[in-house]
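Visitor: What follows is a single structure, and I will ask about it in a moment.
The values are calculated or read from the model by the stated rules, or taken from the named source; none is laboratory data. Nothing here was measured: the structure is a model prediction, and the numbers come from that model. Here Cβ is always computed from backbone atoms with ideal geometry, including for glycine, and neighbour counts include all displayed protein chains. The protein model used for the area step is the full one, side chains on, heavy atoms only, and it has no ligands, DNA or RNA in it. Shrake-Rupley method; radii C 1.70, N 1.55, O 1.52, S 1.80 Å.
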Amino acid sequence: MKKKLTIVLVLAIICGWTNAQQKQGKPFLPRFSEYGANNVTEIGKSNIRILYAFQAQDLKDENTWIDCGQLLTDKGMTQYSSYYVSENNAYIRQWLKDNPNKGYYPGGVKLKGRLKDYWSEYQYSQIYVQGNELTEWAVMPSAELTQYRYKEPWPSMQWTLSNEQQTICGYQCQKATCHWRGRDYVAWFTSAIPLKSGPWKFGGLPGLIMKIYDTKHLYTWEAVAVENGSFPIYQLDERRFKNSDRKKVLKMQHDWNVKYRELAGVMRAGSNTPVTTRYPFDQLELE
């Protein structure tokens with residue numbers, strides 16, 4: 001394994017990425033106290049961190065990414081979360097510690113990328129894998145809602161390996177394909193990093209997934225850095241989260257994207273009629 005690789009941005013050939021999924025519904029960001037980011041617990045320490053560009057229009061320009069995700073691992077457990085959100089929350093916690101009498105805190109100072117001021121379930125939720133079980137801590141965008149988590153078996157993808165090869169982020173990678181929950185995916189993994197993991201929920205290959213996208217190019221993750229060091233793994237305040245199941249959480253995430261103004265109780269100007277505007281949204285998991 002390479003000792004240290006600073007962020008190496010590899011320009012991809014972006015075919016059809018202009019149709020990549022956006023934060024289409026644009027619900028406003030949850031305050032970090034709403035999902036327990038002000039009261040985190042360190043549950044592990046990772047000696048490796050893999051950073052992924054999510055929905056990058058140009059890998060050389062972070063301003064064109066929707067998010068930068070991070071994969072951490074310790075003692076057989078992995079966590080996937082937003083690096084941008086994690087850095088922002090750490091900054092706010094330190095700011096509150098240094099300014100205990102202010103009565104407010106700065107918001108979004110460390111967030112980057114396209115449409116950074118709006119919520120996405122793929123940015124604020126956290127994915128944990130332990131053994132053959134995955135847990136999603138699903139963060140919703142409204143203060144009035146309890147946050148939710150659910151468990152499911154992992155991995156749930158059935159991969160077909162190919163002999164095709166390409167280099168991603170300095171690593172030789174092999175191609176694999178699968179059909180998963182209504183979409184066809186192409187993944188590129190490297191056996192040089194012996195983690196059967198990847199971004200979001202993806203995994204189960206004989207090596208780390210460095211790049212994955214659906215064949216319609218609505219969703220794309222690509223590794224931009226592999227770093228060695230000591231990286232804490234934090235768990236959000238579990239008192240904020242209520243147990244649920246995947247189908248219910250997916251429906252809530254869908255509804256927040258499609259009709260967030262109505263759910264947030266936004267009224268039409270000068271009336272008691274709620275805003276019922278609908279927004280287009282193509283959810284990753286269709287089944």
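Visitor: Being within 16 Å of the chain's Cα centre (by Cα) and closer than 23 Å to P155 by Cα is the filter; apply it to the range 225-245 and report the residue that is surrounded by the fewest Cβ atoms within 10 Å (Cβ to Cβ).
Guide: Filtering the range 225-245 for residues that are within 16 Å of the chain's Cα centre (by Cα) and closer than 23 Å to P155 by Cα, the one surrounded by the fewest Cβ atoms within 10 Å (Cβ to Cβ) comes out as Q235.
Visitor: I've got another one for you. Restricted to the range 30-82, and to residues that are in a loop (DSSP other than H, G, I, E, B), charged (D, E, K, R) and in contact (Cβ under 8 Å) with a residue 12 or more places away in the chain, which residue is most open to solvent (accessible area, probe 1.4 Å)?
Guide: K75
Visitor: Then there is this: Could you grab me the full set of residues in the range 119-166 that are hydroxyl-bearing (S, T, Y) and either free of Cβ contacts under 8 Å to residues at least 40 places away in the same chain or in a loop (DSSP other than H, G, I, E, B) (or both)?
Guide: The answer is S120, S125, T135, S142, T146, S156, T160, S162.
One line per residue, one yes/no per condition, for (1) of a type in the set (F, W, Y); (2) closer than 28 Å to A56 by Cα:
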position	(1), (2)
G76	no, no
S81	no, yes
Y84	yes, yes
N88	no, yes
D98	no, no
Y104	yes, no
G107	no, yes
L111	no, yes
D117	no, yes
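Visitor: Checking T177 against (1) open to solvent by 10 Å² or more (accessible area, probe 1.4 Å); (2) in contact (Cβ under 8 Å) with a residue 24 or more places away in the chain; (3) touching a strand residue (DSSP E or B) at 6+ places or on another chain (Cβ under 7 Å), only one condition comes out false. Which one?
Guide: It fails just one condition, (2).
Visitor: Just checking, does the range 100-114 include any residue being part of a strand (DSSP E or B), of a type outside the set (A, V, I, L, M) and at negative phi?
Guide: No.
Visitor: Determine which member of the set K110, K97 is open to solvent by 60 Å² or more (accessible area, probe 1.4 Å) and out of contact with any Phe, Trp or Tyr (no Cβ under 6 Å at 6 or more places or on another chain).
Guide: The match here is K97.
Visitor: Would you confirm whether any residue within the range 274-282 is aliphatic (A, V, I, L, M) and farther than 25 Å from I127 by Cα?
Guide: yes
Visitor: Which residue, of Y185, Y213, is aromatic (F, W, Y), open to solvent by less than 30 Å² (accessible area, probe 1.4 Å), within 30 Å of Q172 (Cα to Cα) and touching an Asp or Glu at 6+ places or on another chain (Cβ under 9 Å)?
Guide: Y185
Visitor: Still on this structure, I have one more. In the range 134-173, what residues are open to solvent by 50 Å² or more (accessible area, probe 1.4 Å), over 21 Å from A37 (Cα atoms) and not β-branched (V, I, T)?
Guide: Answer for the range 134-173, where residues must be open to solvent by 50 Å² or more (accessible area, probe 1.4 Å), over 21 Å from A37 (Cα atoms) and not β-branched (V, I, T): P153, P155, Q158, L161, N163, E164, Q165, Q166, Q172.
Visitor: List pairs: first residue in the range 250-277 and in a helix (DSSP H, G or I), second residue of a type in the set (D, E, K, R) anywhere in the structure, Cβ distance under 7 angstrom, at least six positions apart or on different chains.
Guide: L250/E285; Q253/E121; V258/R278; L263/D255
Visitor: In addition: For V249, state whether it is surrounded by 18 or more Cβ atoms within 10 Å (Cβ to Cβ), more than 30 Å from N47 (Cβ to Cβ) and in contact with a strand residue (DSSP E or B) (Cβ under 7 Å, 6 or more places away or on another chain).
Guide: For V249, the condition - surrounded by 18 or more Cβ atoms within 10 Å (Cβ to Cβ), more than 30 Å from N47 (Cβ to Cβ) and in contact with a strand residue (DSSP E or B) (Cβ under 7 Å, 6 or more places away or on another chain) - is met.
Visitor: Something else: Could you list, in sequence order, the residues of the range 170-224 that are under 13 Å from I50 (Cβ atoms), assigned to a strand (DSSP E or B), under 18 Å from the mean Cα position of the chain (by Cα) and of a type in the set (S, T, N, Q)?
Guide: none
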